[in-house]
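Remarks on the structure that follows.
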Ligand SMILES: [Zn+2]
Ligand SMILES: [Zn+2]
């Protein structure tokens, strides 16, 4: 396998999270088991097989690899990918792709789908994504991936198999949909974007940003840039119900050791061992 970009990987239960994220450098994540990726700031060669992507916003470090990804899939004779983007991004991206098509003399087949806060994306029978607004310097979106299944309604729990079969044959819907939030992706956002979506705090895995960690980088200023500070994690320590919280998108001003030192000083037990620094 060609190794063209850094990729970190972590397994949680039946899900593998792979990716890399540094502010102003590049951000890309994927969960191979869900056949789903978040953001296209770079495109590791190994990520090409993931057919569906959700783009959080149009800053270049989250988007610049879109044409490369589309071209690679065509070259490798893979199905055109499905890329969900903030509504306002679709038309400019189509224009960019037209320019590349002209320069590269190659087709760039893909399906660009506009999305808005409040949308629900049906990925498959089992998977649904909900879209929420986040708070950044450009229109930006966060995502929660839900696993859904049909479960027997409580009022039928005590019934026998035969009784349930008879009810079914009589046309009664004995099941209801149950949704479990498996993965949430915040993208770039100030804390207001996280607080506005309770499901992000409940998802089994939360992938989010912690751009700033130093006390000297004041958080009121940082919120104006639409980012999170370590102090914001501290203030919300009791709210995270997640099994795993992946914090990335650290500013290039910090050496990885500085990030670890600042975080360990503020949160010595790393939120009960659930907080994982993606650096
Ligand atoms: Zn960013
Ligand atoms: Zn950004």
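The values are calculated or read from the model by the stated rules, or taken from the named source; none is laboratory data. No experiment lies behind these values; they were computed from the predicted model shown. Because the Cβ atoms are built from the backbone with ideal geometry, glycine has one as well, and the counts that use them run over all protein chains shown.
Residues in region 39-58 that are touching a strand residue (DSSP E or B) at 6+ places or on another chain (Cβ under 9 Å) and farther than 19 Å from residue 127 by Cα: 40, 41, 42, 43, 44, 46, 47, 57, 58. Counting only strands (runs of 3 or more DSSP E) that sit completely within region 56-174, those holding 2 or more residues that are at pLDDT below 95 correspond to 141-152. Here residue 206 does not qualify as part of a helix (DSSP H, G or I), buried (at least 23 other Cβ atoms within 10 Å of the Cβ) and touching a strand residue (DSSP E or B) at 6+ places or on another chain (Cβ under 8 Å). Scanning region 101-118 for residues that are buried (at least 16 other Cβ atoms within 10 Å of the Cβ) and touching a strand residue (DSSP E or B) at 6+ places or on another chain (Cβ under 9 Å) returns 110, 112, 115, 117. The residue that is nearest to ligand 2 (Cβ to nearest atom), among those in region 6-40 that are part of a loop (DSSP other than H, G, I, E, B) and crowded, with 19+ Cβ neighbours inside 10 Å, is 23. Scanning region 176-203 for residues that are part of a helix (DSSP H, G or I) and within 16 Å of ligand 2 (Cβ to nearest atom) yields 191, 192, 193, 194. Identify, please: which residue in region 120-162 is in contact with a helix residue (DSSP H, G or I) (Cβ under 8 Å, 6 or more places away or on another chain) and more than 28 Å from residue 15 (Cβ to Cβ) and is, among those, nearest to ligand 2 (Cβ to nearest atom)? Going through the qualifying residues, I end up with 139.
Given the options 49, 19, 37, name the one that is within 16 Å of ligand 1 (Cβ to nearest atom) and in contact (Cβ under 8 Å) with a residue 24 or more places away in the chain. When all the criteria are applied, what remains is 19.
Every condition in (1) over 24 Å from residue 52 (Cα atoms); (2) more than 16 Å from ligand 1 (Cβ to nearest atom); (3) more than 17 Å from the chain's Cα centre (by Cα) holds for residue 137 except the one numbered (2). In region 41-55, of all residues being within 24 Å of residue 147 (Cβ to Cβ) and not in a strand (DSSP E or B), the one that is nearest to ligand 2 (Cβ to nearest atom) corresponds to 55. Per the conditions (1) under 24 Å from the mean Cα position of the chain (by Cα); (2) not in a helix (DSSP H, G or I), the sole criterion not satisfied by residue 271 is (2). Selection of region 209-228 for residues being within 15 Å of ligand 2 (Cβ to nearest atom) and either assigned to a loop (DSSP other than H, G, I, E, B) or in contact with a strand residue (DSSP E or B) (Cβ under 6 Å, 6 or more places away or on another chain) (or both) yields 210, 211, 212, 222, 225, 226, 227, 228.
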